[in-house]
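A quick write-up on the structure given underneath.
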Amino acid sequence: MKKDAIRQIRLLEMLSEKKRLDIRTVVEALSISEATARRLFTDLEKSGKLIRTHGGIQAAPEIAPDYSFRLSSVLHTPEKNAIGAAAARHVNSGDRIYLDSGTTVLKMADALASRIRHGEVSGISIVTNSLSCMDNLSELTEVILTGGIIRPERRDICGPLAEKNLSLYHFDKAFLGADAISANGDLLTTDDRTAIMNEMVIRNSGTVFILADSSKFGSKAFVTYSNLKKIKAIVISDENISTKNRSELCAVNIKAEIVAVQQ
């Protein structure tokens, strides 16, 4: 993805959270010049994504919060690749697993597909609400979609039907992402529907793996779906996690697997 496209995605994600931004905030957040910021403003105003104001911009009335998946898919890629590969190694032949729809879990699905193709594991049953994971794995092993309402911006499925169907299944292992992990171990996501589904999966799973690159620690999100101290979980993260964050995990006796990153 080109640099300008990434900047536009990041800018619109900021707008979906703040609704109004001044040019200085944008310049500092994106590490760009004022001239580049004004060009971004102009391009996005022409496409109806925002409204120019004196000294800044504000969200257009119909701005859609549909940029998180696309932005996330191009950020921290080496870290996510390493975490995904490590997570896939925890899957054994005959396992019944759940995969959620995050971009780091998608990297795990890629690595698991490779293991299946090479004959390292077989007979795996997968339940997922991820359209992307379904694309990668459905030709290689049994994949069950939860059903429900498609969210194109997240490449997943949610809603009452998905929740009803999900309640029927029990998993040996579940692989979940997190939009943020707080200092006290709260696992957070951006919306209620995702939180409800993750809570259900945790209740019905033997072991839960939380796949979270180091940028997720200390970040902010909207809804808490669980706490690491209350569940049987293994956190898989990358070597760039700070000493402070590692200490926080140790302080609440959380089992963590820290993986090396290849740039």
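The values are calculated or read from the model by the stated rules, or taken from the named source; none is laboratory data. In this text, all values refer to a predicted model and were calculated from it rather than measured experimentally. Every residue, glycine as well, gets a Cβ built from its backbone with ideal geometry; the counts of neighbours run over all protein chains shown.
The conditions of being in contact with a Lys or Arg (Cβ under 6 Å, 6 or more places away or on another chain), over 24 Å from Ala180 (Cβ atoms) and surrounded by 17 or more Cβ atoms within 10 Å (Cβ to Cβ) are met by Val121. Looking only at residues in segment 166-180 that are closer than 15 Å to Val105 by Cβ and touching a helix residue (DSSP H, G or I) at 6+ places or on another chain (Cβ under 6 Å), the one that is surrounded by the fewest Cβ atoms within 10 Å (Cβ to Cβ) is Ala174. Residue pairs whose Cβ atoms lie under 9 Å apart, sitting 6 or more positions apart in sequence or on different chains, and linking a residue in segment 144-165 that is surrounded by fewer than 20 Cβ atoms within 10 Å (Cβ to Cβ) to a partner that is outside any loop (DSSP other than H, G, I, E, B) and acidic (Asp, Glu), are Ile150/Asp156. Screening Met108 against (1) farther than 19 Å from Ala233 by Cβ; (2) assigned to a helix (DSSP H, G or I); (3) modelled with pLDDT of 95 or more; (4) not charged (D, E, K, R) leaves a single unmet condition, (1).
Could you list, in sequence order, all residues of segment 17-50 that are at pLDDT below 85 and surrounded by 16 or more Cβ atoms within 10 Å (Cβ to Cβ)? Within segment 17-50, Leu44, Lys49, Leu50 qualify.
For segment 139-181, filtering for residues that are modelled with pLDDT under 95, over 23 Å from Ala212 (Cβ atoms) and in contact with a Leu (Cβ under 6 Å, 6 or more places away or on another chain) leaves 2.
When you scan segment 201-213, do you find a residue that is in contact with a strand residue (DSSP E or B) (Cβ under 7 Å, 6 or more places away or on another chain) and over 24 Å from Ile124 (Cα atoms), even just one? Yes, segment 201-213 contains a residue that is in contact with a strand residue (DSSP E or B) (Cβ under 7 Å, 6 or more places away or on another chain) and over 24 Å from Ile124 (Cα atoms). Do we find that Thr53 is among the β-branched types (Val, Ile, Thr), modelled with pLDDT under 90 and out of contact with any Pro (no Cβ under 9 Å at 6 or more places or on another chain) in this structure? In short, yes. Taking segment 161-263 as the region of interest, the strands (runs of 3 or more DSSP E) fully inside it that hold 1 or more residues being farther than 19 Å from Lys80 by Cα and aliphatic (A, V, I, L, M) are 223-227. Residues in segment 194-208: is at least one crowded, with 17+ Cβ neighbours inside 10 Å, free of Cβ contacts under 8 Å to residues at least 40 places away in the same chain and among the basic types (Lys, Arg)? Within segment 194-208, none of the residues are crowded, with 17+ Cβ neighbours inside 10 Å, free of Cβ contacts under 8 Å to residues at least 40 places away in the same chain and among the basic types (Lys, Arg).
Criterion first (out of contact with any Leu (no Cβ under 9 Å at 6 or more places or on another chain), aromatic (Phe, Trp, Tyr) and either modelled with pLDDT of 95 or more or in a loop (DSSP other than H, G, I, E, B) (or both)) does Tyr98 satisfy it? Considered against the rule, which asks whether it is out of contact with any Leu (no Cβ under 9 Å at 6 or more places or on another chain), aromatic (Phe, Trp, Tyr) and either modelled with pLDDT of 95 or more or in a loop (DSSP other than H, G, I, E, B) (or both), Tyr98 comes out as no.
Restricting segment 210-224 to residues that are of a type in the set (A, V, I, L, M, F, W, C) and surrounded by fewer than 23 Cβ atoms within 10 Å (Cβ to Cβ) leaves a set whose member that is modelled with the lowest pLDDT is Ala221. Filtered by the rule that a residue be touching a strand residue (DSSP E or B) at 6+ places or on another chain (Cβ under 8 Å) and small (Gly, Ala, Ser), segment 98-119 gives Ser101, Gly102, Ala109.
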